[in-house]
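Nothing in this text is a laboratory measurement; each read-out follows from the coordinates by a stated rule. In this text, all values refer to a predicted model and were calculated from it rather than measured experimentally. Note that each Cβ is placed from the backbone with ideal geometry, even for glycine, and that neighbours are counted across all protein chains shown.
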């Protein structure tokens with residue numbers, strides 16, 4: 001089964017948002033980079049997705065004009081099989097990624113990147129609904145604390161747990177980095 005790693009929105013733009021925190025960045029980068037290294041070593045495709053939207057001005061960190069729509073510092077350098085820029089939550093809306101995956105006979109996608117509950121989860125659900133098998137590597141996703149409607153703080157760890165709970169068995173197979181790489185190896189050997 002041909003498998004592709006998708007690295008979603010792992011970009012400097014987030015460092016320029018008020019909610020950004022370095023708290024979980026190092027463990028995220030370690031997991032993300034291990035996943036990238038494993039796919040690169042296996043010769044499996046890695047797709048990069050950037051997010052760009054909002055006013056096209058330098059002050060908007062998600063505008064190309066800001067210079068921040070570039071790989072997150074500390075992210076391993078890799079040769080992307082393809083790069084897409086999206087302006088919606090799902091990486092499959094209006095980017096051509098779905099066409100690329102189909103043309104390259106990809107059957108399974110491995111989701112990683114930023115933000116766990118937003119673009120990563122939305123892409124996982126969308127991909128599942130379109131018929132791809134989805135591995136979701138929670139450790140290789142990053143998110144940030146949020147404020148709930150009642151004003152209480154919702155910790156990033158709780159957001160990740162909620163995302164894992166709603167995806168598992170419905171839209172994706174949850175995997176650690178090691179499990180995702182083992183599954184890649186199993187499929188390559190088949």
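Given the options 23, 68, 126, which has the most mean-square fluctuation in a GNM of the chain, springs set between C-alpha atoms less than 10 angstrom apart?
Taking springs between Cα atoms under 10 Å, the residue moving most is 23.
How big is the antiparallel share of DSSP beta bridges in the chain, given as a percent to the nearest 5?
Of all bridge pairs located within the chain, approximately 10 percent are antiparallel.
Give me the extension gain from residue 93 to residue 161: residue separation times 0.36 nm, minus the current Cα-Cα distance, reported in nm with one decimal. Could you put the intermediate results ahead of the total?
Working: separation 68, 0.36 × 68 = 24.48 nm, distance 2.57 nm.
In short, 21.9 nm is gained.
Name all residues of the range 91-120 having a backbone nitrogen under 11 Å from the label point set 7 Å from the Cα of residue 150 along its Cα→Cβ direction, giving them as ranges.
none
Restricting everything to alpha-carbon atoms, can you work out Rg to Rh for the chain with a Kirkwood hydrodynamic radius?
We get a ratio of 0.95 for the chain.
Cα gyration tensor of the range 22-89, axes a ≥ b ≥ c as square roots of the eigenvalues: rounded (a/c below 1.5), prolate (a/b > b/c) or oblate?
It comes out oblate by the Cα gyration axes.
Quick one: Debye curve from the C-alpha atoms of the range 42-153, no solvent, what's log10 I(q)/I(0) at q = 0.10, 0.12, 0.15 Å⁻¹?
Taking Cα atoms of the range 42-153 as identical point scatterers yields -0.33, -0.47, -0.73.
Taking the chain as a Gaussian network, where each spring joins two C-alpha atoms under 10 Å apart, which residue of 84, 19, 171 fluctuates the most?
Evaluated over the chain, the most mobile residue of the options is 19.
Using a Gaussian network model on the chain with a 10 Å cutoff between Cα atoms, which of 159, 109, 36 fluctuates the most?
159
Counting helices only, and only those DSSP H runs with n ≥ 4, report the 222 nm mean residue ellipticity of the chain as the sum of -39,500 (n - 2.57) divided by its residues, in deg cm²/dmol to the nearest 500.
Dividing the helical sum by the residues of the chain leaves -9500 deg cm²/dmol.
Using only Cα atoms, figure out Rg for the range 138-190 and give it as a multiple of 2.2 N^0.38 Å.
1.50
Give the shape of the range 96-190 as rounded, prolate or oblate, defined through the alpha-carbon gyration tensor: a ≥ b ≥ c are the square roots of its eigenvalues, a/c under 1.5 means rounded, and otherwise the shape is prolate if a/b is larger than b/c and oblate if not. Can you show the working numbers first?
Numbers: a/c = 2.60, a/b = 1.78, b/c = 1.46.
Taking the square roots of the gyration eigenvalues as a ≥ b ≥ c, the range 96-190 is prolate.
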